Amino acid sequence: MFKTISMIGLGYIGLPTATLFASRKKKVIGVDINQHAVDTINQGKIHIVEPELDMLVHSAVTEGYLRATTQPEPADAFLIAVPTPFTDGHKPDLSYIEAAAKAIAPVLVKGNLVTLESTSPVGTTEKLADWLAAARPDLSFPQQAGEEADIQIAYCPERVLPGKVVHELVANDRVIGGMTNKAAEMACALYKTFVEGALVQTNARTAEMCKLTENSFRDVNIAFANELSMICDKLDIDVWELIRLANRHPRVNILQPGAGVGGHCIAVDPWFIVDTTPNEARLIRTAREVNDYKPEWVLEKVKAAIADCLAQKPGSTMADIKLACLGLAFKPDIDDLRESPAVEITQHIAQLGCQVLAVEPNIETLPQKLGRPNLVLSSLSDVLSTADVLCVLVKHREFVEELANIQAHPDVIDAVGLLA
Ligand code: SAJ
């Protein structure tokens, strides 16, 4: 049914998905507005970091199954995996989806399937259908012709973990939300090309809500752990021991407190629910607020430690204090610093005026936004002997391996339970 597949958006989800179709010998046309990404992919290389992906892209391109371009071309199925960020005030920004709809509309033909993969507020698939219908009055769409529509439309969210994308794209179950039954059937047939997990059919609105629910579930549970960490600090109780003990109950499974919630999904998606149903989504909103507050709370701990250092060294100034931040990534063992609470905390510490030594084993140079004279990238061994205070912000493997040495340091703020 699907000889040619077009993927609109070749980012963290679009490129691996396009490549898996190509690896199953489908002709795949990848479309992206980023010329650099298009050129890199056409050379058989990748512009993002994801294990296994480089080899897969290289063979897909050299064998002629995957090709990237900036202009959409006709295909049997179109998948849209473009960003859905939020604007100020936590309002979802659907402009990338709208632009993708306008870009593919001219090349649609009767019999095509369009599936949206981007995490989206409930009702977005219907909006996509409206944008397409407005651009192509000569074709019929599900909101007009239902099962008989010329173009069928479905919502099929991804649920893969960065760092394990290739494996999880193949292995995870997938929710397939059709605007019609026919759309769901067609989308199932499409994803069966490479998905080994179950393909579970529902309607588009439920599938949209399902994606938001999964990430909100995790956010609410992390917020519970973060709130416990702040309560326990007040009560002088070791939260890590507390959670270990509570989790011995057969029906209790508390997640881990940290420096805050980062990444592009869990800290964003719950706002899409809050935005649509602000009066009802009270717990989901509060969880977001608790998690967003956690970096500020860690910063207060750092300020108190610096004040202690200054008190112990009479005559010293802020510029004399050396503070090491262990970890910058948004979670352990990845190099991704975007939307990272550790970066946010490190920036604020640097603004205090002390010398900041950032230790991030997964990067070679500091990103531009961290470029300040009093902030340098250092090695763990250096900071162990030179820093006045260590602040552990991410539980990277390299820090766990050096646990004994970190533990031996006289002044450690541990936001992630490394020492627990
Ligand atoms: N975190 C904690 N404590 C924990 C677990 C996580 O503080 O116990 C923090 C992490 O340090 C990180 C943030 O939460 O800053 C998010 O990390 P994560 O590993 O929970 O999730 P992501 O953002 O890498 O990926 C999530 C996943 N969703 C769920 O687990 C429900 C993934 O399956 C989704 O596909 C992805 O969002 C997405 O694209 O939506």
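General observations
- Residue in region 297-313 that is buried (at least 17 other Cβ atoms within 10 Å of the Cβ), aliphatic (A, V, I, L, M), within 14 Å of the ligand (Cβ to nearest atom) and assigned to a helix (DSSP H, G or I) present: yes
- For region 351-360, residues that are under 26 Å from the mean Cα position of the chain (by Cα) and away from the ligand (no atom under 16 Å from the Cβ) total 2.
- Residues that are within 7 Å of the ligand (Cβ to nearest atom) and either buried (at least 24 other Cβ atoms within 10 Å of the Cβ) or over 16 Å from residue 222 (Cα atoms) (or both) within region 261-282 comprise 261, 262, 269, listed in sequence order.
- Residues in region 361-386 that are at pLDDT 95 or above, more than 17 Å from residue 348 (Cβ to Cβ) and not β-branched (Val, Ile, Thr): 361, 377, 378, 379, 380, 381, 382, 384, 385.
- Annotation note: of 168, 158, the sole residue that is outside any loop (DSSP other than H, G, I, E, B), within 16 Å of the ligand (Cβ to nearest atom) and either more than 18 Å from residue 204 (Cβ to Cβ) or acidic (Asp, Glu) (or both) is 168.
- Only helices (runs of 4 or more DSSP H) whose full extent lies in region 331-413 are considered here, and the ones with at least 3 residues that are in contact with a strand residue (DSSP E or B) (Cβ under 8 Å, 6 or more places away or on another chain) are 341-351, 380-386.
- If the condition is being more than 18 Å from residue 165 (Cβ to Cβ) and loosely packed, with under 14 Cβ neighbours inside 10 Å, then region 40-69 contributes 43, 62, 63, 64.
The values are calculated or read from the model by the stated rules, or taken from the named source; none is laboratory data. Bear in mind that the values here come from a model prediction, so they are computed numbers and not experimental data. So basically every Cβ, Gly included, is an ideal-geometry build from the backbone, and we count neighbours across all protein chains shown.
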